[in-house]
Amino acid sequence: MAILSFNALGAYCLIFISLIWLQRILWMRRLSRINPPLLPVPAPAGHAPMVSVIIPAKNEEKNISNVLTHLFKQTFPNFEIMVVDDRSTDQTPHLLEDLKKSSPVPFKIIRIDKLPAGWTGKNYAMFTASKAAVGQWFLFTDADTTHRRESIATAVSCVIERKIDFLTLAPEVECRSFWEKTVQPLAISSLALWFRSDKINDPRHGVTLANGQFILIRRQVYENVGGNESIKNEVVEDVELAKKIREQGYRVQFLNGTRIYSTRMYSTLEEIKTGWTRIFTYLFKKKISAIFHKIFLFLCFSLLPFAVFAAETFFYAARSTHFNRTLLILSAGVSLWIVLIRFIGNKILKTNPWYATLHPLGSLVMIWILLACVGRIVFRRPSAWRGDLHH
């Protein structure tokens, strides 16, 4: 009787999990309606405001040539490019000098040799460049981005038409290696699910999210709130700056920029772990309860159906009395349902959809990352990023 009750409970749990994933499909469809990608627009025919494109770069020898090459091809008629060489110890300074000699568009190089006390590296790089910039708008973008020809024109058109003071865009994320294809789509979709665009774009919900890879901000607004100096010791500077600007009553929007720029965030498993540990630790405000809640969600809604299927398959092969045909069929169906939804999600994210079959492995890595967040908080370990330690 107890076994029957346990099996019945398992069946009800699997059915409930399948409904939760159905809700995720409906959420993806709704997301595509309420936050569609910005479509590239041509450069304005008339007067265009001056835009200062600011690129913080520390040890970016792998990326700096690519981002500058694509920015040189922008259709927008009125912009300057500023690269902040932030204490680079690789070939970044030499590459910048070579590019400056041959580039079709002049750009400025700002050197930082020493980081003042109390600052994070990226905050100081952004702040230093802002002091030398001449634009009415600042476009902060990372060195690991690839911009379409219309990226600046599209973003400027958007902020003017929608009266936005702070625009940040989600990119198309490039996944090339095995671990990128296995983990990145799951991490990105989880982030989008936990921080929904309908809430983060509505100041009444009190949820703010930003992406430092693409931030277009009105200069006057940036200066009014004190710029990066006002958040100089914050590790997740993009979110903190967005919060400060929203608190001052300015309009902040996080939109879909997948048609106008892309990025390759991380390339190795270690980079993925380090990067997402840093992001999640600060996005969840170092609250262990919130992180354990996400771990529970992965265990219950991502791994449980696969675990039940594996267990029932083993019981069947061993001719065990614990084998239950209903649970085997249900768990197999729910597991396939999850893989199908991940398959669709991967296609939306423009990565190999067949890596959805590795959903259990990706979920285990996500749990590993979230546990690393807990370890960082409990043991007060600093995060290492670009050679700097941040507490």
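The values are calculated or read from the model by the stated rules, or taken from the named source; none is laboratory data. Every value quoted in this text rests on a predicted model; they were computed, and no experiment measured them. So basically every Cβ, Gly included, is an ideal-geometry build from the backbone, and we count neighbours across all protein chains shown.
Things to note:
- Some residue of region 75-98 being among the hydroxyl-bearing types (Ser, Thr, Tyr), within 22 Å of Ile152 (Cα to Cα) and touching a helix residue (DSSP H, G or I) at 6+ places or on another chain (Cβ under 6 Å): yes
- Residues in region 146-175 that are within 20 Å of the chain's Cα centre (by Cα) and surrounded by fewer than 21 Cβ atoms within 10 Å (Cβ to Cβ): Thr146, Arg148, Glu172, Val173, Glu174.
- First in region 95-122 and over 16 Å from Asn63 (Cα atoms), second anywhere and among the polar types (S, T, N, Q) and outside any helix (DSSP H, G or I), Cβ under 6 Å, 6 or more apart: Gly118/Asn233
- All positions within region 58-79 that are surrounded by fewer than 17 Cβ atoms within 10 Å (Cβ to Cβ), in contact (Cβ under 8 Å) with a residue 40 or more places away in the chain and not in a loop (DSSP other than H, G, I, E, B): Asn66
- Among residues of region 12-30 that are surrounded by 12 or more Cβ atoms within 10 Å (Cβ to Cβ), those with a Cβ under 7 angstrom from a residue that is at pLDDT 95 or above and of a type in the set (Ser, Thr, Tyr), sequence gap 6+ or separate chain, pair up as Leu14/Ser331.
- Candidates Ala372, Ala384 - the one that is outside any loop (DSSP other than H, G, I, E, B) and at pLDDT below 95: Ala384
A quick yes/no check of all residues on (1) within 14 Å of Asp86 (Cβ to Cβ); (2) touching a strand residue (DSSP E or B) at 6+ places or on another chain (Cβ under 7 Å); (3) part of a loop (DSSP other than H, G, I, E, B); (4) assigned by TED's automatic domain parsing to the domain that holds Arg259:
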| residue | (1), (2), (3), (4) |
| --- | --- |
| Lys101 | no, no, no, yes |
| Pro106 | no, no, yes, yes |
| Ile110 | yes, yes, no, yes |
| Leu115 | yes, no, yes, yes |
| Gly118 | no, no, yes, yes |
| Ala125 | yes, yes, no, yes |
| Lys131 | no, no, no, yes |
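- Apart from one condition, Tyr266 fits all of (1) at pLDDT below 95; (2) crowded, with 20+ Cβ neighbours inside 10 Å; (3) assigned to a helix (DSSP H, G or I); the exception is (3).
- Sole exception among (1) outside the structural domain of Glu80 (by TED's automatic domain parsing); (2) surrounded by 15 or more Cβ atoms within 10 Å (Cβ to Cβ) for Leu299, by number: (2)
- Residues located in region 80-112, provided they are of a type in the set (Val, Ile, Thr) and surrounded by 15 or more Cβ atoms within 10 Å (Cβ to Cβ): Ile81, Val83, Val84, Thr92, Ile109, Ile110, Ile112
- Subset of region 115-126 (residues that are surrounded by fewer than 21 Cβ atoms within 10 Å (Cβ to Cβ) and of a type in the set (A, V, I, L, M, F, W, C)): Leu115, Ala117, Trp119
- Of all residues in region 181-192, none satisfies being surrounded by fewer than 23 Cβ atoms within 10 Å (Cβ to Cβ) and closer than 30 Å to Asp113 by Cβ.
- Residue that is nearest to Phe178 (Cα to Cα), among those in region 335-375 that are touching a Phe, Trp or Tyr at 6+ places or on another chain (Cβ under 8 Å) and aromatic (Phe, Trp, Tyr): Trp354
- Complete set of residues in region 42-57 that are modelled with pLDDT of 95 or more and either assigned to a loop (DSSP other than H, G, I, E, B) or surrounded by fewer than 16 Cβ atoms within 10 Å (Cβ to Cβ) (or both): Pro49, Met50
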